[in-house]
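The structure under discussion appears below in the form of structure tokens.
The values are calculated or read from the model by the stated rules, or taken from the named source; none is laboratory data. All values derive from a computational prediction rather than experimental measurement. Backbone-built Cβ (ideal geometry, glycine too); neighbour counts: all protein chains shown.
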Amino acid sequence: MTTHAARPHRVLKSLLGAWALAACSPEETAAVEEHLTDCAACAEEALRLRDAVSLLHHEESLDLDPGLRSRVLAHCLGRRPAKIPVPGWAAPYEAETARLDTLLRDIGDADWRAPVRLLWFDGRAPAEREVSVAAVVTHLTAVDAVVAGHLGLPPAVPSDDDPAGAHTAWRDQSRALIRGASFAEAATAERTVKYGRFSLPLPDAFLDRAFECWVHAEDVADAVAYPYTPPTPTHLHRMIDLAARMLPRAIAGRRRAGLAPPAHALSASDAPGRALHLEIEGSGGGHWYISLDSPAAKAAPGTEVAHVALDGLEFCRLAAGRMPPQEAAAGQDGDREAVRDVLFATASLSRM
Amino acid sequence: MTHDAPPRWDRRMQQRLAHGEAAALGELYDRFASLVHGLAHRVLDDEEAADRVTRDVFGYVWEHPDAYDPREGPLRSWIADVTHRQAVARLRRAESDGEADPEEIDERVRTASAAARADYIVTSMPASLREALDLAYSRRLDYRRAAAGLGVTEDEARRRLRLGLQLLSTAHQGPRRPVGGGPR
């Protein structure tokens, strides 16, 4: 008589799952296999469970092609146009929040505590702070809440103590924002969203939030070594356009704060003033003429006193405070002071 | 995280899709795209074909939101059924263009269907069972170490492994439930 004869049928039956997965000790494996030769019920189950194991497979990388979402949605909307579309001005926000959501779903619990380096330009010099992934998400939620308030949505209550809670609070609110934008009436879209130091029309506020979402998603992606790509060229172009439109006011603001030299011969409100020709190359690129002396002045070709050429992603990194203005590898000619004013004003668009 | 959407969410989603709300379509994609693409990929074993099935499934749901009846079960299962049928139809078309005889095609379809059903079962089973299987299968722990990893007794670890495989073995027995409607 061998020792495993002592194991009752009940115990051997309970081992069948572990046996099928080769997760028993050698003695238990031998005992189960001997039992199978004289217990038909267990033998039948053992065969079934072993077949089931063959259906398991090692989880491959199941990351979806990030471009698939927009292709699938475009296909659907081509077959049946939306009665309540997401307005074009909210499309970059929808795309960027969907991408960050995918990233946050893919990272593990430990990643939520990963240190993230936040960089910005404080007007004079680069600044940085280290925070957790959860704190970044909570920060996005808090600023999105300002826009949500303008749509009459209740503010989200974020908490960075609990990653799942921080993620859900951010995602629920961003979905409510997209929905709110879809149902917003023309009068609502014309309203202005006031942040601390500046205000933006609602469509621009959505664009600004899309830009922030991308920038911070990239911070998180860097912190957890996750591959992340830039927005589509169309969306990137709109983000660059917003930054270019914000520049005249940013330059004026720096002057008021004594951070930039005074304006030249301030022009009458809509007379053409001096301009800088900003040429953005690569993805999302184009040509912009930045009014240098007054936010109200019209800037157009012919009034330019300087020219700056910069890659689109570099320009975004500069505007996000990820690169100090002194290091911007810009091709430049013309008035050096004008070039400096524009590069520093671009960097100062970054904020916490 | 998103496996246990309440029926209310399903009904609400269906209404929003029926109203033609594009924002709802985006939310639907975010919730189910990895399920749809994963199942399609398991049947077809081809990235591009899985992309196309994903496109077709969401196109079908967007065009026919009323084809789903919330009383018959969760939206998730219904979308899995639609995906499965689309993927199998595509597999049959692809195979019948080749040299394979009808019996071989049937066999491939059966195998692929069982594999896709198994994936669905794994993603839908209680997390406690899924984690136990993962430790024993993917991380190759014996059940004693798996028990330690899960913080449960050895008895409980054996029970979970057996129950998990029993659930999984039903993948060989054909569709989970009779299905109606859906694209051909």
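Structural remarks
- Within segment A:84-108, considering residues that are in contact with a Ser or Thr (Cβ under 8 Å, 6 or more places away or on another chain) and in a loop (DSSP other than H, G, I, E, B), the one surrounded by the fewest Cβ atoms within 10 Å (Cβ to Cβ): A:PRO85
- Each residue in segment A:157-177 was checked for being in contact with an Asp or Glu (Cβ under 9 Å, 6 or more places away or on another chain) and either surrounded by 23 or more Cβ atoms within 10 Å (Cβ to Cβ) or assigned to a loop (DSSP other than H, G, I, E, B) (or both), and 6 pass.
- Residue match in segment A:196-206 (condition: touching a helix residue (DSSP H, G or I) at 6+ places or on another chain (Cβ under 8 Å), more than 25 Å from B:TRP9 (Cα to Cα), modelled with pLDDT under 90 and of a type in the set (Ser, Thr, Tyr)): no
- Verdict on A:THR192 being surrounded by fewer than 16 Cβ atoms within 10 Å (Cβ to Cβ) and closer than 15 Å to A:PRO92 by Cβ: no
- Residues being in a loop (DSSP other than H, G, I, E, B) and buried (at least 18 other Cβ atoms within 10 Å of the Cβ) - total across segment A:233-262: 1
- In segment A:64-83, the qualifying residues are those that are more than 9 Å from chain B (Cβ to nearest Cβ) and part of a loop (DSSP other than H, G, I, E, B), and the one that is modelled with the highest pLDDT is A:GLY67.
- Being surrounded by fewer than 17 Cβ atoms within 10 Å (Cβ to Cβ), facing another protein chain (nearest Cβ under 10 Å) and farther than 20 Å from A:TYR228 by Cα is not true of A:PRO154.
- Criterion (modelled with pLDDT of 90 or more, assigned to a strand (DSSP E or B), under 20 Å from A:PHE211 (Cβ atoms) and among the β-branched types (Val, Ile, Thr)) met by exactly one of A:VAL146, A:VAL116: A:VAL116
- So B:ARG130, is it free of Cβ contacts under 8 Å to residues at least 40 places away in the same chain, within 14 Å of chain A (Cβ to nearest Cβ), in a loop (DSSP other than H, G, I, E, B) and of a type outside the set (Ser, Thr, Tyr): no
Yes or no, residue by residue, for (1) of a type in the set (Ser, Thr, Tyr); (2) surrounded by fewer than 20 Cβ atoms within 10 Å (Cβ to Cβ); (3) under 19 Å from the mean Cα position of the chain (by Cα):
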| residue | (1), (2), (3) |
| --- | --- |
| A:LEU36 | no, yes, no |
| A:ARG69 | no, no, yes |
| A:ALA82 | no, yes, no |
| A:ALA110 | no, yes, no |
| A:ARG113 | no, yes, yes |
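- Here A:LEU49, A:LEU36, A:LEU55 are screened, and the one residue that is more than 11 Å from chain B (Cβ to nearest Cβ) and more than 30 Å from B:TRP62 (Cα to Cα) is A:LEU36.
- If the condition is being among the aliphatic types (A, V, I, L, M) and modelled with pLDDT under 90, then segment A:1-49 contributes A:MET1, A:ALA5, A:ALA6.
- All positions within segment A:7-38 that are under 20 Å from A:ALA52 (Cα atoms) and in a loop (DSSP other than H, G, I, E, B): A:LEU15, A:LEU21, A:ALA22, A:ALA23, A:CYS24
- Lone unmet requirement of (1) within 10 Å of chain B (Cβ to nearest Cβ); (2) outside any helix (DSSP H, G or I); (3) surrounded by fewer than 13 Cβ atoms within 10 Å (Cβ to Cβ) for A:ARG124: (1)
- Qualifying residue in segment A:307-315 (condition: in the same structural domain as A:GLY253 (by TED's automatic domain parsing), of a type outside the set (S, T, N, Q) and within 13 Å of A:ARG274 (Cα to Cα)): yes
- Boolean, A:ALA300 is assigned to a helix (DSSP H, G or I) and of a type in the set (A, V, I, L, M): no
- Which numbered condition B:LEU141 fails, given (1) buried (at least 20 other Cβ atoms within 10 Å of the Cβ); (2) part of a helix (DSSP H, G or I); (3) of a type in the set (A, V, I, L, M, F, W, C): (2)
- Any hit, segment B:3-20, residues being in contact with a helix residue (DSSP H, G or I) (Cβ under 9 Å, 6 or more places away or on another chain), within 23 Å of B:ALA171 (Cβ to Cβ) and hydrophobic (A, V, I, L, M, F, W, C): yes
- Segment A:178-211 - residue that is charged (D, E, K, R) and outside any helix (DSSP H, G or I) and, of those, farthest from B:ARG31 (Cα to Cα): A:ARG197
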